[in-house]
Amino acid sequence: QVQLVESGGGSVQAGGSLRLSCAASGRILSRYVIGWFRQAPGKERAFVSAITQSGGNTYYADSVKGRFTISRDNAKNMVYLQMNSLKPEDTAVYHCGDGGVFSTRRTDYDYWGQGTQVTVSS
């Protein structure tokens with residue numbers, strides 16, 4: 001059974017940092033593109049960042065570029081999202097998903113975790 005599990009969320013003040021992790025069971029993450037998406041209350045799940053299987057290519061939404069860094073450790077079957085200079089508008093549930101296409105589209109990702117809450121206060 002494939003399962004992705006996000007962790008590392010929490011409550012921080014604006015300007016703070018968090019590091020999210022995406023772990024997998026029943027899935028070799030190195031075979032897949034991994035994307036991070038976020039969903040704020042009342043809004044659709046939106047693309048944040050993606051990384052290719054080798055980690056050689058990454059892509060970011062304009063809203064997080066320069067503040068967030070995606071990385072992966074295939075030996076540990078883990079993907080990370082380092083979030084710095086957090087803003088209140090970053091508040092959302094963050095989900096990781098895996099897929100075969102390096103894409104910003106939610107529908108290109110097959111499996112998802114349940115998400116981890118990130119709350120940024122001003």
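Quick look at the values:
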| item | result |
| --- | --- |
| Nearest-20 debye value, the range 6-122 charge dipole, Cβ charges on Lys, Arg, Asp, Glu | 80 debye |
| Residue-wise HN-Hα coupling along the range 55-67, computed from phi with Karplus coefficients 6.51, -1.76, 1.60 (Hz; x: Gly, Pro) | x, x, 10, 9, 8, 10, 5, 4, 5, 10, 4, x, 10 |
| Magnitude of the charge dipole, the range 61-104, Cβ model with Lys/Arg +1 and Asp/Glu -1, debye to 20 | 120 debye |
| The range 92-100 - phi-based ³J(HN,Hα) in whole Hz, Karplus 6.51/-1.76/1.60, Gly and Pro as x | 4, 8, 9, 10, 9, x, 10, x, x |
| Surface share of carbon and sulfur [accessible, 1.4 angstrom probe, percent] for the range 17-70 | 45 percent |
| Net charge contributed by nearby residues that have their C-beta within less than 13 Å of TYR59 (K/R +1, D/E -1) | 0 |
| Pairwise centroid distance, computed over Cα atoms, of the range 73-122 with the range 1-71, Å | 2 Å |
| Integer Hz, Karplus 6.51/-1.76/1.60 couplings in order for the range 101-112, x for Gly and Pro | 10, 6, 9, 9, 8, 4, 6, 8, 10, 9, 10, 10 |
| Label point distance in nm, VAL101-SER11, each placed 7 Å from Cα along Cα→Cβ | 4.0 nm |
| Heavy atoms of THR107 accessible to a 1.4 Å probe, total area in Å² rounded to 10 | 110 Å² |
| Gain in span if fully extended, ALA46 to ASP108, counting 0.36 nm per residue against the direct Cα distance | 21.1 nm |
| Estimated FRET transfer efficiency (SER25, THR119; beta-carbon r; R0 22 Å; 0.05) | 0.25 |
| Residue among VAL118, SER85, THR104 farthest towards the positive dipole end of the range 63-122, charges placed on Cβ | SER85 |
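The values are calculated or read from the model by the stated rules, or taken from the named source; none is laboratory data. Since the structure is predicted, the reported quantities are computational estimates derived from the model, not experimental observations. Note that we place each Cβ from the backbone using ideal geometry, even for glycine, and neighbour counts take in every protein chain shown. The area values use the complete protein model at the heavy-atom level, side chains included, leaving out ligands, DNA and RNA. Shrake-Rupley method; radii C 1.70, N 1.55, O 1.52, S 1.80 Å.
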